[in-house]
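The structure under discussion appears below in the form of structure tokens.
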Amino acid sequence: MSWLFPLYLAGAAAIIAPILLHLRRRPPQDRVEFSTLMFLDASTPVPVSKRRLENWLLLLLRCLALILLALMFARPFLQSESATASSANQATLILLDRSASMRRDDLWKRGLVEAERLFKAAKVTDRIALAVFDRELMQVWSFEEDRNTPANRNVVLQSRLAELKPTWSGTQLDRALIAAVPSFDTSTATLKKRIHLITDLQEGTHLDALRTIAWPAELTLNVHRLDPSTNDNFSVALAARDEDGNADALVRVRLSNTRESALRDFTLAWEKGPQSDSITAQIPPGASRILNAPPNSTKATTLTLTGDKSDFDNRLFISPPQPRSVSIHFLGDEATRDEAAAPLYYLARALQPTATLAPVLTAGKALPAQKPDLLVISGSTPPEGTHAGLRDFVSAGGFLHQGRGRE
């Protein structure tokens, strides 16, 4: 037997009150006029110290009422050995997936129902915490809150769950589990620790970071997997850029198809772009392909994949590449920029802006005040008065290119 509020047992000491009242019972003190006492035997009054308890049944009933009242406030409860081993004295963290994949079908609604079932099934003596995750872990109800207000647990958790919605982020399950381990604070040190993971375990879930830690031996992980009604799903993700390609090939994507998918045909296109710029092809179940993005004639920033019903992972939002500014100084006469036979003429036309570089070409016979990224000299002899400056420029790690002069 255990007690929810054992301090109320001290109230059972109030049974001393009826006992004292029975001991202090005094005979009637009122005088009653009577005709004669000659036929009555005289009795000597009993001293207080020699008085005995009378009306035992009444006294026992009064003491029993006080004891039952104390037990009622202390709230005793009984548990079988099997129930104690399985649920009592546990610290349970409910970890609910709210990534974009939970938008499929009714997965999010089923996840909320499962989370509600778990915290309602917990005992009052258990400690409960609730967290949600996508790319990061977010605490909804901590062990500290549960320790301070266990009576309000169900009401508060229901209201907080009702405010949550799935996001559009990916599933970083490894980060979530690693961040969940420190959630078990010192107040749960003597309790049996357990994590209930509610997720759809979609393909593409990140788990690599779990290899970098040693999972605590005393922490048990229970997985509640939510399966969608169908596994037909394409997904698109950004792949490494091909810096050697043209401007359209800078964006490369990885397309994937789930293992049990019945779909093969897909279309990849920029949002609101012409149909002629789209890519239509096939990808078998369980396979993935890396493709260059289709031509982006409309300069759109959203790449869309179509072909399945689940669109949570069918869009890529890509910002336009920002070209890097490169300062280049030609050590020579600026007036030769328009002379067809001058090196500066060809240098200015060779350094055209690209999707990744924005060259800024300046010219002059003196070294610029601000150090350029590249310094170009034409001919074998630098202009007079620049030898010391060139030496300092090269010594400081500057790039110097010396070209041939006019033929």
* Compute from the Cα atoms of the stretch 86-164 the Rg and the Dmax, the latter being the longest Cα-Cα distance, and quote both in angstrom. => 12.6, 37
* Hey, could you pull the Cα Rg and Dmax for the chain, both in Å? -> 42.1, 164
* Asked: Computed from the mean reciprocal separation of all distinct C-alpha pairs, what Kirkwood hydrodynamic radius does the stretch 188-227 have, in Å?
  -> 12.2
* What dipole magnitude, in Debye to the nearest 20, does the chain give about its Cα centre under +1 on Lys/Arg Cβ and -1 on Asp/Glu Cβ? -> 1960
* To do: Only helical DSSP H runs with n ≥ 4 go in: add -39500 (n - 2.57) per run for the chain, normalise by residue count and round the 222 nm mean residue ellipticity to 500 deg cm²/dmol.
  => -6500 deg cm²/dmol
* Structure fact -> Farthest towards the positive end of the dipole of the chain, among N89, Y346, A293 and with Cβ unit charges of +1 on Lys and Arg and -1 on Asp and Glu, lies the Cα of N89
* Residue-span extension gain [Y346 to W215] - 0.36 nm each, minus C-alpha spacing -> 40.8 nm
* Go through G398, A10, S278 and say which Cα lies farthest out towards the positive end of the charge dipole of the chain; charges sit on Cβ, +1 for Lys and Arg, -1 for Asp and Glu. => A10
* Using label points projected 7 Å from each Cα along Cα→Cβ, tell me how many nm separate A151 and V223, to one decimal. => 4.1
* Size of charge dipole - the stretch 234-317 - debye, nearest 20, with Cβ of Lys, Arg +1 and Asp, Glu -1, no other charges -> 120
* Asked: Going down the table (K120/K192; K123/K193; K109/K309; K120/K165; K120/K309), which pairs top 26 Å between alpha carbons?
  -> K120/K309
* To do: Quote the convex hull volume per residue of the stretch 254-307, based on C-alpha atoms, as a whole number of Å³.
  => 69
* Asked: Treating the beta-carbon of each Lys and Arg as +1 and of each Asp and Glu as -1, no other charges, what is the dipole magnitude of the stretch 230-371 about its Cα centre, to the nearest 20 debye?
  -> 240
* Could you give the spread of the C-alpha atoms of the stretch 202-340 along their three principal axes, from largest to smallest, in whole angstroms? => 77, 45, 21
* Which whole-percent values make up P(r) of the stretch 149-259 when all C-alpha to C-alpha distances are grouped in 5 Å steps starting at zero? -> 2, 8, 12, 16, 17, 15, 12, 7, 6, 4, 2, 1, 0
* Contour minus end-to-end for E260 and L20, with contour as 0.36 nm per residue of separation and end-to-end as the Cα-Cα distance? -> 78.2 nm
* **By average C-beta atoms within 10 angstrom, highest first, the peptides 268-281, 99-112** => 99-112, 268-281
* **Cα-Cα separations in the stretch 324-403 greater than 22 Å, expressed as whole percent** => 21
* To do: Can you pull the one-decimal nm distance between simple spin-label points at V360 and Q158, each 7 Å off the Cα toward Cβ?
  => 6.4
* Asked: Setting aside same-chain residues fewer than 8 positions from K371, which aspartates and glutamates have a Cα under 12 Å from its Cα?
  -> D392
* Structure fact -> Contour minus Cα-Cα span, T205 to Q139, at 0.36 nm per residue, comes to 21.7 nm
* Structure fact -> Cα pairs beyond 21 Å in the stretch 59-204, in percent, come to 51
* Would you be so kind as to identify which of A131, T186, L161 lies farthest towards the positive end of the dipole of the stretch 82-225, taking Lys and Arg as +1 and Asp and Glu as -1 on Cβ and the Cα centre as origin? => L161
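FYI, it's all coordinate maths here, none of it is from the lab. Just so you know, these numbers come straight off a predicted model, no measurement behind them. Methodologically, a virtual Cβ is constructed for each residue, glycine included, from the backbone with ideal geometry; neighbour enumeration extends over all protein chains shown.
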